[in-house]
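One structure below.
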Amino acid sequence: MTLCIGVIGTGMIGRDHTRRIQNVIAGAEVTALSDVNRDSARAVQADLAPTAEIFDDGRALIASDLVGAILVCSWGGTHEEYVLAAIEASKPVFCEKPLATTAEGARRIVEAEAKHGTRLVQVGFMRRYDAGYRMLKRAIEEETGAPLMVHAAHRNPAVPEQYVTPMAIHDTLIHEIDVLRWLLDDDYVSAQVVFPRRSPHAHAALADPQIVLLETAKGVRIDVEVFVNCRYGYDIQCEVVGEEGLARLPDPMSVAVRRNAQARNPVLTDWKDRFVESYDIELADFVAAAKCGTASGPSAWDGYVAAVTSDACVKAQETGAVEPIELPTRPALYD
Ligand code: NAD
Ligand code: ISE
């Protein structure tokens, strides 16, 4: 059986995920596309999915019999509405991060899915599928002893003009918020943000870099440098210090070149390349579960926890204080 997928939002990642469904992953096909910018949907149709129908309204796409599962790849502020509509239609839905732009919005999704009674939502936290992070998780379980500290960095070479200070949290740090919680099998209890001297390459509405300090329920202390105008490349670092040893996320494989009395390894510049296999595997996982009428991988609960933590970090940016992170009881659906 081929799974018929509708894609809402055909910008950068919607286009890339459409390519994956059409050309990389077996057993699924993009049968519908929707974007508020019809020209964008039309371009993706022409390049990648010539038989897909274009819908002007994302909700009509979700309701259509042409579609058995949905990818939500539009701007963050639109995710909640589309994910709730997919749950109402009992259709599996893959939602790019963030699940919702507020914790209350993510909570409404958790409640709707819990009421539905089976999982339908997968959130696009692709790092959980990255081979390096999976090896790091195994090393924590088998080698380092109980974690004590994590030092991490999320560096982008540059960001567009509309990227402002809170986006360092809910657009960028949100990946660490999810993957570190998964790595450590732990939850956060507090957050603080401190600001080094500002990079001259950051525009006026962006404090860059930032250092986010998180504390977990088990007492692990985490520091994450978020630096989105680092210039030199797209660089993701993570080092876990445990009671017995240390484990570090491997850098992506690259060819070392020695030339002109220098030895060098290239550094990637684009997140699409850094996590290309992870995106492939997360979507294959979505397709496999959706064919059984359900979802696996990062859940709506994980999306909710990320939203609560993001909100606390944004508050910490504003107050400079250590902000508490409190979660309600997890519904049984997510045990
Ligand atoms: P983009 O601006 O390139 O594309 C978004 C598209 O959504 C645009 O074409 C826009 O016209 C469309 N859109 C906006 N509102 C809509 C609506 N109500 N209905 C239908 N279409 C609508 O942005 P992008 O970089 O592709 O990001 C999209 C989402 O994916 C964001 O939530 C972003 O955080 C997430 N993202 C995730 C990753 C990752 O690593 N997992 C990477 C990049 C982006
Ligand atoms: C972007 O939206 C992503 O999700 C990338 O993975 C991240 O590295 C980047 O900072 C975000 O802007």
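A few notes on this one:
- Rg ratio (alpha-carbon, reference 2.2 N^0.38 Å) - the chain: 1.00
- Efficiency of FRET from Cβ geometry, LYS272 and GLU244, R₀ 25 Å, rounded to 0.05: 0.10
- One decimal place: the segment GLU326-ILE211 gains 39.3 nm when fully extended, by the rule 0.36 nm per residue minus the C-alpha distance.
- Rounded to whole Hz, the Karplus (6.51, -1.76, 1.60) HN-Hα couplings of the stretch 290-302, x for glycine and proline: 4, 5, 9, x, 9, 9, 9, x, x, 9, 4, 4, 4
- This model, with +1 at the C-beta of Lys and Arg and -1 at the C-beta of Asp and Glu, gives the stretch 223-335 a dipole about its Cα centre of some 620 debye.
- The HIS151 and ASP56 beta-carbon pair, evaluated with R₀ = 56 Å, returns a calculated FRET efficiency of approximately 0.75.
- Principal-axis analysis of the Cα atoms of the chain puts helix 38-48 at an angle of about 90° to the longest axis.
- The mean accessible area for residues of the stretch 131-269, using a 1.4 Å probe and ignoring ligands and nucleic acids, is 52 Å² per residue.
- Accessible area (Å², per residue) of the stretch 1-98, counting only protein heavy atoms and a probe of 1.4 Å: 41 Å²
- When LYS91, LYS315, LYS218 are compared by accessible area at a 1.4 angstrom probe, the order from most to least is LYS218, LYS315, LYS91.
- Distance between modelled label sites at ARG198 and GLU318, nm, 7 Å Cα→Cβ extension: 1.9 nm
- Karplus-derived 3J(HN,Hα) values for the stretch 145-158, using 6.51 cos²θ - 1.76 cosθ + 1.60 with θ = phi - 60°, are x, 4, x, 10, 9, 10, 10, 9, 9, 10, 10, 10, x, 6 Hz; glycine and proline are entered as x.
- Among the protein heavy atoms of the chain, carbon and sulfur supply 51% of the accessible surface, probe 1.4 Å, non-protein parts ignored.
- TYR234 long-range amide H proximity, modeled H, under 5 Å: LEU268, THR269, ASP270
- The separation of the stretch 122-182 from the stretch 75-115, counted between C-alpha centres, amounts to 22 Å.
- The order of the peptides 286-298, 135-147, 64-76 by mean Cβ neighbours within 10 Å, most packed first, is 64-76, 286-298, 135-147.
The values are calculated or read from the model by the stated rules, or taken from the named source; none is laboratory data. None of the values given here were measured: they were computed from a predicted structure. Positions of Cβ are backbone-derived with ideal geometry, glycine not excepted, and every protein chain shown enters the neighbour counts. Accessible surface areas use protein heavy atoms only, side chains included; no ligands, DNA or RNA. Shrake-Rupley method; radii C 1.70, N 1.55, O 1.52, S 1.80 Å.
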